[in-house]
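First up is the structure itself, then whatever we jot down about it.
Laboratory data are not the source of any read-out in this text; all were calculated from the coordinates shown. Predicted model, so just to flag it, every value in this text is computed and none were measured. Reconstructed Cβ throughout: ideal geometry from the backbone, glycine too, with neighbour counts over all protein chains shown.
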Amino acid sequence: MSNNTSVVKNAVCTFCGCVCDDMELTVDLDEKRITKAKNACVLGRAWFYEHKIENYPVALIDGKEASLEEAVDEAARILVNAKFPAIYGLSDTTCEAQKEAVAIADYINGNIDTTTSVCHGPTGMAFQGVGESTASLGEIKNRADFVMYWGGNPAEAHPRHFQRYAVSPKGLHIPNGKEDRTIVMVDVRTTQSASVADIFLKVKPGRDFELLWALRALVKGAALDSSVEETTGIPLDTMKDLVERMKSCQFGVIFFGMGLTMTRGRHFNAGALLALATDLNDYTHFVALPTRGHGNVTGADNVVSWQTGYPFGISFNRGYPRFNPGEFTTADVLARGEIDALCVIASDPGSNFSKKAIEHLRAIPVITLDPKPTVTSQLARVAFTTATYGINVRGTVYRMDNVPLTTRPAFESPFPSDQDVLSAIKERVCELRGLKHASNRMTRQTAKVAV
Amino acid sequence: MSVLRIINGKVHDPVNNIDGRIKDIFVRDGKIVESVPEDSPTIDASGMVVLPGGVDIHCHIAGHKVNMARKFQPEDHRKDAQLRVGELRSGTGGVVPSTFTTGYRYATLGYTTAMEAAVPPMSARHTLEEFHDTPVIDKGFYVLLANNIFLNQLLEKGRMEEFREAVAWWLNASKAYAIKLVNPGGDEPWKGRKNSNVDQLDQKISGFDLTPRKIIKALIDVSNDLGLPHPAHIHCNNLGHSGNYATTLDTMRTAEGRRVHITHIQFHSYGGKLGEKPTSKAAEIAEYINHHPNITADVGQVMFGNATIMTGDAPLTWLLRNMTHKKWINADTECESGCGILPFAYQGHVYTHALQWAVGLELFLLSKDPWRMVLSTDHPNGGSFENYPRLIRLLMDREFRNEEARKVNQKAIANTKLLDIDREMTMQEIAIITRAGPARILGLTDKGQLGVGADADITIYDENENREEMFNAARYVVKSGNIFIDNHEFREDRHGRIYHVAPDYDPAVEDTLRPFFEDYYTIQFDNYAVDDSYLGDHETVKPYPARFEEAKVSMT
Amino acid sequence: MYIQSTEIIDTFAEAFKMCAARMVITAENEKWASAAGRSVTGFATSVIGCKCEAGVEARLAADETPDGRPGISVLLFGFSPDGIGKRLVERIGQCVMTCPTTACFNGLDGGEMVVVGGKLRYFGDGYQASKLVGDRRLWRIPVMEGEFLIDESFGVQPAVGGGNILILGRDARSTLEAAEAAAEAMRIPGVILPFPDGIVRSGSKPGSKYKELPASTNDAYCPSLRGAAPKTALPEDVRCVLEIVIDGLTEAAVRESMRRGIRAAAREGIVQISAGNYGGNLGQFKIRLNELVQGAAAA
Amino acid sequence: MKLRLHTTPEVPLEAEVISPDALQGLSESEAALLPIYHGNRKVGLGEFFEISGRVDESEGVVEVEGDLSRVKLIGHSMSAGRLVIHGSVGAHLGASMKGGEIHVSGDAADWVGREMSGGRIVIQGNAGHMVGSAVRGSSAGVQGGEIIIHGNALNEVGNGMRRGLIAVGGNTHDFTGVNMLAGTIVVLGRLGMRPGAGMVRGSIVAMERTECLPTFTYNSTIQPDFIRFYLFHLRKLGMSIKDEFINGQYERWSGDSLELNKGEILMYAG
């Protein structure tokens, strides 16, 4: 370790959706690595320590080293030549890069989709169906005396969630921290998180929807069949007790994870939970929040939404955005073998998509942008090495509760940022397609269509 | 750099007392100038009407709540696609358009400035990010401070000096243009156990030794004392409730003669008893404003068709949600604000909706000073900004207005004076309520006018007896001296400019703020303020008393 | 002219424009379909006294009905679609909805539609539910036994009422026998005979000496008033007269029914077959008996 | 008019012009120029389809042949005539359809007849997810018309359905009739999990028993005439319906108690 170190205070950890911004990073500027990450959790420490500068080529074309310019040109050509190109990933990069990615999708008449479609996409769809009552995490800290986690394991996935936001912190109306809160955990198995719970409900696997529906019925005083005890594995008296607690709290919150959104019922599970929280507003103030995984997946939702009107699963093939999860989401277009080129930004579908999807991934030209080699980048026609957001790149990221923060990079990377590469590809795409100063006929170009 | 001549056009420029005179306009480097060489690029505006670019004083176009409303309604977007043209980006329209589409469509109507009206400080960064993707138009936003816990704690303790410094700090930290009050004091009861609200200005706010009136008075005073170009922008308590005109009058009286702006006042001009059908108190409200030159207002006209209710007044949206049984959003921001969103449709046959529509028109037409009662639909609360051309026709064309009035709930219309009003607004008056007036109220002296030195934001319409058709699509739109719409064709995309204020404050106030942040916020104090990199092309509108006095005098 | 010994008087039946609706009533079995049919057509002999005229048109086999159960079709006649709608609501409500296992369907396509099930549904007290099949809306009204299913609207088409024949016999027994045979022969699709088992003995004339009454006994055809009444239409040897009234969906159906009736009634013991009219000033249709008989001969 | 797919598309085609409305009155060469989308490329219909004949004015018949499983939006917004497809079709068949009839001899992908308001769609084979459903974000799906699937269908059949009839000869997957506002769904096989979740009004009729949500209440076992009526109607439309279903008794479950509780699930009980 050299003596040439610096300390970055109030640095932002972009590993998970908690986006803790109280990191104190000690950086070895010669070795270009972080040697100490005060306040970081076990996951954050791994993230900070792991990202040092390795000697990767800045770009590979067909596995051979290439210059940035060559790779940008090749990537642009692939995208422009494709009849059904798609851009995917985006949850581990800055909003500035995400904006460029959406622009490229627009200019190549391709698909844009984010990892939301394989995590809380169902929550997004549920939100469009029933709405939500939500709050920024500080409201939970300051007010929530009833805190419920459903289908998630924050102790392992979001280690500081309890401590910073929802369980132990003291707040305006929660002077004694955890003592002032009732903590409830619902899951199909006893996880590490369950230990903090005052009440733990072990729901039968795949029966979240029935349990949520039953709780809603109890909240509304609607008819409820007693068979629900058997189907959910939760005694009716326990449910009634829980509902009484929910109705009589000062401020309640339910956090929910992929245990709910990615099991049978998906968007309806999420919708049932959001509806439960909304129903409870007849009695008290009640909110619900998905616990988002990736550091800036929430930013991706936001950027894609403001640029297109839709959060994910979008096709520009007809010159304007269309939204349809299942039809335009990446896992689905790959599995059906529909797309003919794919650009992946900061994600690794090659390691976690279905077998059929990966088979098609292997058959088409793929472009990747990632700080490290991944299974997908190994398959890629064009692979860029980019700087790590947060650690090397300044930019905007959104916490899981939609609160935006600006990252404080620890040291410079020799690699370009995702934004730099994407911006260059965008420029090249526009040149290749002759979009610069194209004649812009007609005003108020609107298509009153709903195909 | 760029020069332009606009010749032979019929110019309406109320600031400079030009009312429909044929006059040539010259542009150089984004500003109006005395002259340019004869061989400069020229628009021959013969048979056309030349107006300053439109200025929207109150709309919701960017930020967290807008974006939630956007992704909330895919079913609305899909009916209204904005095609990509060349390098101009595609998008979706509907009631809450995507960012690029918002910019293009405002410009298409001839609007070149629009102010986002409600942003919690924590959402400022988000709002500025969206502004970056909202092309063509200039913009700024108002920051929500009337339910700010820290500020309210200072107020209840009477620490007025620190209060003023803290407000100034917050304006700087968020890059806001003005101070916004929404349902002052209503968030605390809403977020509390009972999901309730405040309904009296002198009612104690739960958890505080404080009343809405104290908050209102303090923020009106601090806006004036800091010499902000735009005064406190107030969404009064009791929005939408029958009988709320009394609260509105009470709020205006609280200003005690100081400058204040009451927003979407249509929603605050109802008589009747709480819980019963509203009646119109537009005449009473208009009468008060006619006699109080310190007060300005925008109407918040309701237009029939789809809308989206999005407001910091979350308890109101909960009431509406329980009436419509539609999907609903509540979104609380820690220590700062609340928010409610739901899709809505105003229907002519519904008594209340027809009454609201008529009340808005009454307010326009019964107000004697168009400079102080300007046009808005509180987009998208009363309807999309794309309704402006139709609204202009309703104001300019009595026959059309009465025809429309006859199509809707007649009991509602009979409870208003609408059919007795003969007034038709002139083109000059339209130029005031859509351009010169809002610019003056905002203190944007280079906007809303075409005098030498003004910003070259110019719109040119084909003269057309049907004012809706006329205002529906400007033939030329010049923004900062660049042609954006050229004979009905889009030209290149331009970023607009961001307007904000940066009043001086004593840095010592940060020592007061920091402990509160450490205890009750979840982001670090040092990460809270938005830095200049989010502004791009921007202008810091200097707060100085002279500008304020000047504006005040011109209004009396 | 004569058929055998029966004289067919050269006169005409004077029939009127009316409107008609058709109910198809199905039930678990024929018994309950018939029960509903009897009940719904009860007290529906003459518009003069009952506001409508109705009768069972046909029995339907299971494969002829919309829900695959045995049923009957009932025609109901009145003077306006509006009036028919009201009668249907009253009668179906009281006589079909009440009858075990039944359902009630509209049996006429087209024509003016009158709301029936759409009004009866309120009996459901908020628990009623509708079903839309294509353009057809059905109402399900919960009842103690299960559900009553009925079409929202019924078609009403122009129709012909007041076709008739008068059977003038030598004695009561042979006249009744002839009338029974005639009625049997006259029941064809598209017509009903609204009076009890098709036969009416109290034929009437318009007006009365009593101001309130719109009609009164047809004294010219009353054997007992021969000599007392101002004039008689009865030959010496006629001691009994029975009438059969026919309502039909079309004039052709009424004519065919009358033709069959004349043929069946003409026999030994029947002196004359005649028809009622008002001198041709009231009704829109004049059905000449001779034409009917000759037409048939030609065929 | 007859269309035959002569070139297999590399990526999905979007061809809403394949409908009697769009093809009516056109010559073969005119029809060949109608725009379709091959991925993001706008091409003429003729680049993928061999076109012969004209659409006769009275019947308005269009026949299509070939493996159309990658062709989306066939019959979109169709208002009249007959579209006869020999083969399987891609997503959004008959979406927003207003009238006429579509007949498919093979299978259909997702979103058959979404937002339909009239007419009839008959699929001989299986259908995908979202048959006759609302689009995301909207609460109202099918407004009228009839969809007959002889085979199976997947999730969310009739999501948000407001009027009309959907009949499935085989089984359906989860959330059949979810958020139904009214209308009728008949499933001759078995319903997947959670039928009728959130339904307001409407009827779901199934011939095999399945578990109901706890917010559904068993009422009674009855023989509602309307089921007979519907089954007869479906028999006339060519579905094979056993007599015992027509004459059978049905368990009636009412729900969803979270909504108006005016919906019903009727399950054949012998």
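Taken about its Cα centre, the range C:88-213 carries a charge dipole of about 400 debye when Lys and Arg each add +1 at the Cβ and Asp and Glu each add -1 at the Cβ.
On the basis of the beta-carbon distance and an R0 of 56 Å, residue B:469 and residue D:208 show a calculated FRET efficiency of 0.40.
Among D:84, C:116, a tally of other beta-carbon atoms within 10 Å of each Cβ gives an order, fewest to most, of D:84, C:116. Rank B:131, B:95, B:107 by how far each Cα sits towards the positive end of the charge dipole of the range B:26-148 (+1 on Lys, Arg Cβ; -1 on Asp, Glu Cβ) and give me just the farthest. The listed residue farthest towards the positive side: B:95. Shape index of chain C: Rg/Rh, with Rg the Cα radius of gyration and Rh the Kirkwood radius from the inverse mean 1/r over Cα pairs, equals 1.03.
Dipole size in debye (nearest 20) for chain D around its Cα centre, Lys and Arg Cβ +1, Asp and Glu Cβ -1?
Numbers: 24 positive and 30 negative charges, 120 e Å.
Result for chain D is approximately 580 debye, rounded to the nearest 20.
Residue C:25: net charge of surrounding residues, Cβ under 13 Å, Lys/Arg +1, Asp/Glu -1, itself excluded? Working shown, then result.
On the way: positive: C:22, C:31, C:38, C:59, C:69, C:91; negative: C:28, C:30, C:57, C:64, C:67, C:151, D:225.
Net charge around residue C:25: -1.
On the beta carbon distance between residue B:208 and residue A:176, with R0 = 25 Å, the FRET formula returns roughly 0.70. Annotation: lysines with alpha-carbon distance below 24 angstrom to residue C:211 (same-chain offsets under eight excluded): C:51, C:231.
Remark: chain B carries a charge dipole of roughly 1520 debye about the Cα centre, counting +1 on each Lys and Arg Cβ and -1 on each Asp and Glu Cβ.
Both the radius of gyration and Dmax for the range A:5-50 are 9.8, 30 Å, in that order, over alpha-carbon atoms. Each label point was placed 7 Å from the Cα along the Cα-to-Cβ direction; for residue D:140 and residue C:144 their separation is 4.0 nm.
Calculate how large, on average over all directions, the projected area of the Cα convex hull of the range C:18-157 is; give the answer in nm² to one decimal. List each step's numbers first, then the result.
Details: hull surface 30.2 nm².
Mean projected area for the range C:18-157: 7.6 nm², to one decimal.
The share of Cα pairs per 5 Å bin across the range B:138-238, counted from zero up to the longest distance, runs 2, 13, 26, 25, 18, 11, 4, 1, 0 percent.
Simple rule: put +1 on each Lys or Arg Cβ and -1 on each Asp or Glu Cβ in the protein assembly as shown, find the dipole, and look at B:271, B:86, B:25; the Cα lying farthest toward the positive end is B:271. Simple spin-label estimate for residue C:228 and residue A:50 gives 11.8 nm between the two label positions (7 Å along the Cα-to-Cβ direction from each Cα). Got a sec? Which residues in the range A:245-274 would a label at residue A:198 touch, if it sits 7 Å along Cα→Cβ and we count backbone N under 18 Å? Counting only backbone N, you get A:245-255. Rg and Dmax of the protein assembly as shown, based on Cα coordinates, read 38.9, 145 Å. For a paramagnetic label modelled on residue C:282 (point 7 Å from Cα along Cα→Cβ), amide N atoms under 12 Å away belong, within the range C:210-242, to C:214-218. Would you be so kind as to identify which of B:384, D:122, B:412 lies farthest towards the positive end of the dipole of the protein assembly as shown, taking Lys and Arg as +1 and Asp and Glu as -1 on Cβ and the Cα centre as origin? Farthest towards the positive pole: B:412. Taking the range C:261-285 and a reference point 7 angstrom along Cα→Cβ of residue C:170, the backbone N atoms nearer than 13 Å belong to C:267-272. Pairs exceeding 30 Å between alpha-carbon atoms, taken from B:417/B:447; C:86/D:242; B:479/B:542; A:36/B:175: B:417/B:447; C:86/D:242; A:36/B:175. The per residue volume of the convex hull around the alpha-carbon atoms of the range A:301-412 is 126 Å³. Remark: C-alpha extents of the range A:121-290 on the principal axes read 41, 31, 31 Å, sorted largest to smallest.
Anything over 31 Å Cα to Cα? Flag those among A:141/B:204; B:214/B:281; A:38/A:426; B:65/B:204, in the order listed.
Details: A:141/B:204 25 Å; B:214/B:281 26 Å; A:38/A:426 38 Å; B:65/B:204 28 Å.
Cα-Cα > 31 Å for A:38/A:426; rest within.
Relative to the longest principal axis of the Cα atoms of chain D, the long axis of helix D:225-236 makes an angle of roughly 30 degrees. Every Cα-Cα pair of the range B:408-556 was included, and the share exceeding 21 Å stands at 67 percent.
Taking the square roots of 5 times each eigenvalue of the Cα gyration tensor of the range B:49-499, largest first, gives ellipsoid semi-axes of 31, 26, 22 Å.
Calculate for the protein assembly as shown the 222 nm mean residue ellipticity that helices alone would give, adding -39,500 (n - 2.57) per DSSP H run of length 4 or more and normalising by residue count, nearest 500 deg cm²/dmol.
On the way: 48 runs with 436 residues, N = 1576.
Result for the protein assembly as shown, helices only: -8000 deg cm²/dmol.
Assuming R0 = 30 Å, can you tell me the calculated FRET efficiency for the pair residue D:52 and residue A:363, based on Cβ-Cβ distance, to the nearest 0.05?
Working: r = 35 Å, r/R0 = 1.17.
Calculated value: 0.30.
When the convex hull of its Cα atoms is viewed from all sides, the range D:110-268 shows a mean projected area of 7.6 nm². Counting every C-alpha pair in chain D, the share spaced more than 33 angstrom apart comes to 23%.
How charged is the neighbourhood of residue B:360? Take every other residue with its Cβ under 11 Å from the Cβ of residue B:360, and add Lys/Arg as +1 and Asp/Glu as -1. Before the final figure, lay out the partial values.
On the way: positive: none; negative: B:298, B:362, B:378.
It works out to a net charge of -3.
With both partners inside the protein assembly as shown, how many of the DSSP beta bridges are antiparallel, as a percent to the nearest 5? Show your work: numbers first, answer last.
On the way: 155 of 270 bridges.
Here the share of antiparallel DSSP bridges comes out near 55 percent.
What number comes out for the charge environment of residue A:33, summing +1 per Lys or Arg and -1 per Asp or Glu over other residues with Cβ under 10 Å away? Neighbour charge sum, excluding residue A:33 itself: -2.
Here the Kirkwood formula puts the hydrodynamic radius of chain A at 23.2 Å, using every distinct Cα pair. Among C:30, C:236, C:14, the residue with the largest mean-square fluctuation in a Gaussian network model of chain C, with springs joining Cα atoms closer than 10 Å, is C:236.
Cross-link pairs exceeding 26 Å between alpha carbons, from the set A:99/B:79; A:202/A:247; A:355/B:79: A:355/B:79.
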